[in-house]
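The values are calculated or read from the model by the stated rules, or taken from the named source; none is laboratory data. This structure is a prediction, so every number in the text was calculated from the model and none was measured. Here the Cβ positions follow ideal geometry from the backbone for every residue, glycine too, while neighbour counts run over all protein chains shown. Just the protein is used for accessible areas: all its heavy atoms, side chains included, with ligands, DNA and RNA removed. Shrake-Rupley method; radii C 1.70, N 1.55, O 1.52, S 1.80 Å.
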Amino acid sequence: MIKHLPLFILLFSLQVINAQSFDLKNIPFEINGESLKLTLAGGLNSPQFSKADLNNDGIEDLYIFDKSNNAHLPFLINEVNGEITYTYAYEYAENFPDCESWVALRDYNGDGITDLFTVTAASQIWKGRYENDKLTFDLVETHQGNYFNFLTYYKSNGGIDFMPLFADDYPVIEDLDADGDLDVLAFGGQTSVNYYQNMAVENGYSLDSLVFSISDDCWGRFSRNDDNDAVLSNDINECADGLVSSDDRVHLSLTLMVYDENQDGDMEAVVGSVTSPNFIKLTNTGPVGTAFMTESLPMFPDYDVPVNIRSYPTGFYLDIDNDDLPEFLAAPNHVENGEDLECSWMYKNVGGTDNVTWEKQQSNFLVEDMIDLGSNAAPTFIDYNADGLMDLVVGTGGEWLWTKRGNIALFENIGNQTNPEYKLVDDNWLNFNALVDSLSNFTPTFGDLDNDGDLDLLVGTKKGNLIYSENTGGIGNPVIFNEKIITWKNLEPGQNSVPQIGDINRDGLPDLLIGSRNGKLKYYQNIGSTGNPDFESDINSSPNNASFGKITVAGQGFIGLTTPHLIDRNTHFNLLLAASSYTGLHLYEFSKDDLDKKILPENEDLGKIRMGDYIYPATEDLDNDGFLDFVIGNRRGGLTIFGSSLGITSTSQIEEDLGEIIFPNPVQEVLFIELPNNQDKKINSLIYNSIGQIISQNSGSEISVKGLASGVYFLEIYGENYRKVLKFIKE
């Protein structure tokens, strides 16, 4: 007899996995009675806005780089019945390079195709081209002086230095002198602005030459002081006196936006600072082609609703609706201490091209149409109401990461077995928001820790504690969670803990595999007994393992924020792993015999998912098509769902194809089995529930299911040399 293996345990076919990319899946979500237009775009926290023709159709589209998790977000722009629409077009992100901190899309070589500027260490310029009508980029390799692949400039003494375009700032890359090539303005750690003039045209070179010289080390003749005020000069030939404090804590992180307010040929400036939620606007009254700021307006726009973004506002001047009249957008440039919902302020120009006048439209442009739960969305699944449909549970860091507490959101599946649809029914499920601020960043998972047949709740936290809540609902019933136990079993696996539950060593007891901020996976072996889980709290004491599989994903500063997702295959495990130090998903496979070995990845870029770093994976077959769907949460507080062609199957070798058929499906009273390829085979079968427990053992071709509760079940048909498992639905 072949050993019986529960079907709820899933198997990836590695031949398919290693060649597979995933497709965005459109599943309806309802929040506060409304269906969202950009539901699964993934939210926004620190957006940076640019324009580009993404699909080579002659229409400029909207591109967003979100600094909070270095994600590329492309949106196609269309006009429908006179209304501008934005369509999240994930497929156009695949050809963008890995970038960090900031991105600006500009056409630097004049070929009509957008190019990419960034501060990623490997490069700063990527040349755009089209491949199958998708915008793609090639690294522009540069070598000037001792600098490879960095923008450089000629100093006044003839020497060459790299252009200080720092990760914390946001520079201006525009044609400032109207000669056809792109120039650069940047603070570069100073209190005044450096003007790097592109001298390609002046020297008779092609536009792609990028020959910069420092034309002015105090553009506009203004400076900033340590009170975040603009200091103006009284003399167009002299720079203003700037920072005078000797306080080492003063951080010179500044952002800059320029625009011509009245079409007089010179640029006004809008300056943001790390120390202020507001912009300062500087009026340029210098001669055409120069910059001399003579008026400073704090709290800009002071005649309308001023921008108020905590913290470090950055301004963007671009035409987001293709009406040839640019808008003014503002967003936070910080990652972890600014607004994460009202993070996209948009102002319309109501005054025209020669008298730009800003009027605020909204502070949540595009965000209002997305699932955005604040920061750090960590999804998982459970059928909380026992209706046979998988519901979605999402742990978060809450809104305003440093000022509000995290929570757990519950989305009920109100669709059906083949067409899932989710409705937010509780944005503070189980009242996790009442816990202290230091916990936050909740990362829930479910498993039968006490071996009573139902799924218990275990939650990781920002502080590192594990929070446990026992489910006393019973098998097949809606969940009932008891009081929360903080720091359960005295386990503190490290900051930003992300737990998973599974019988790792196959001794019949559920163990823990936990990711955390240091980039390593921690294995806690269950040393208790059936129904009484227990763990050694010291991760460095046997039988624990402080570096499971010797997998380390720590990036700079030994921070990796490992986020694992464990899939139990009975004989093996699949481990999906994401981390802040690289993009995408890594796939590992291991068994109980590999617990003290180095485990190498089976696939280092599973599905070629491009949702930035700091992502949280979960899997489920949401539409019962036999293929896994991937739900990806992210640091921006949003969700994205991908369909795959990765099949769900059992782990046993099937030696005969008997052409198994079960009907009707869905079924109400009697389930029939046919074996068209061998009518003489004796039919034996087992029925499992959704958590792998055997409900009944049967023989013959007719099975009564009248007494089963409504839901999803699995039928295992077996014999001496064959085994097949099929899914059915009890109505």
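Checking the structure you have, find out if any residue of segment 104-119 is small (Gly, Ala, Ser), out of contact with any Gly (no Cβ under 9 Å at 6 or more places or on another chain) and farther than 24 Å from ARG610 by Cβ. Checked against the condition, which is being small (Gly, Ala, Ser), out of contact with any Gly (no Cβ under 9 Å at 6 or more places or on another chain) and farther than 24 Å from ARG610 by Cβ, segment 104-119 yields at least one hit.
When segment 314-346 is filtered for residues that are open to solvent by 40 Å² or more (accessible area, probe 1.4 Å), at pLDDT below 90 and not aliphatic (A, V, I, L, M), the ones remaining, listed by number, are HIS334, GLU336. Looking at segment 47-90, the strands (runs of 3 or more DSSP E) lying wholly inside it that each contain 2 or more residues that are touching a strand residue (DSSP E or B) at 6+ places or on another chain (Cβ under 8 Å) and surrounded by 23 or more Cβ atoms within 10 Å (Cβ to Cβ) sit at 47-52, 61-66, 71-80. What do you reckon, is ASP98 touching a Ser or Thr at 6+ places or on another chain (Cβ under 9 Å), open to solvent by 30 Å² or more (accessible area, probe 1.4 Å) and closer than 21 Å to ILE320 by Cβ? Taking the combined requirement at face value, the residue does not satisfy it.
Among strands (runs of 3 or more DSSP E) entirely within segment 564-608, having at least 2 residues that are aliphatic (A, V, I, L, M) singles out 573-579, 582-590. Here is the figure for segment 495-508: residues that are open to solvent by less than 20 Å² (accessible area, probe 1.4 Å) and either in contact with an Asp or Glu (Cβ under 9 Å, 6 or more places away or on another chain) or not in a strand (DSSP E or B) (or both) total 3. Screening ASP115 against (1) under 22 Å from ASN26 (Cα atoms); (2) charged (D, E, K, R); (3) buried (at least 16 other Cβ atoms within 10 Å of the Cβ) leaves a single unmet condition, (1). Those strands (runs of 3 or more DSSP E) of segment 150-225 in which 1 or more residues are modelled with pLDDT under 90 occupy 152-154, 160-162, 222-224.
Picking from residues in segment 397-418 that are under 25 Å from the mean Cα position of the chain (by Cα) and at pLDDT 95 or above, the one that is farthest from ILE486 (Cα to Cα) is ASN413. Checking every residue in segment 384-406 against the condition of being in contact with a Pro (Cβ under 6 Å, 6 or more places away or on another chain), aliphatic (A, V, I, L, M) and open to solvent by 10 Å² or more (accessible area, probe 1.4 Å) gives at least one match.
The residues in segment 345-367 that are in a strand (DSSP E or B), hydrophobic (A, V, I, L, M, F, W, C) and more than 10 Å from ALA331 (Cα to Cα) can be counted, and the count is 1. Within segment 165-177, the presence of at least one residue that is in contact with a Lys or Arg (Cβ under 6 Å, 6 or more places away or on another chain), crowded, with 17+ Cβ neighbours inside 10 Å and not polar (S, T, N, Q) is confirmed. Residues considered: ASN532, ASN518. Of these, the only one that is open to solvent by 10 Å² or more (accessible area, probe 1.4 Å), more than 25 Å from the chain's Cα centre (by Cα) and in contact (Cβ under 8 Å) with a residue 24 or more places away in the chain is ASN532. With the structure loaded, tell me whether ASN157 is polar (S, T, N, Q) and surrounded by 15 or more Cβ atoms within 10 Å (Cβ to Cβ) or whether it fails that test. The answer is no for ASN157. For ILE125, the stated conditions do not hold, so it cannot be described as open to solvent by 30 Å² or more (accessible area, probe 1.4 Å), of a type in the set (Val, Ile, Thr) and farther than 25 Å from ILE641 by Cα.
One residue alone among VAL479, VAL498 is of a type in the set (Val, Ile, Thr) and farther than 24 Å from ALA579 by Cα, and that residue is VAL479.
Of all residues in segment 296-344, those being assigned to a strand (DSSP E or B) and within 29 Å of ASN78 (Cβ to Cβ) number 12.
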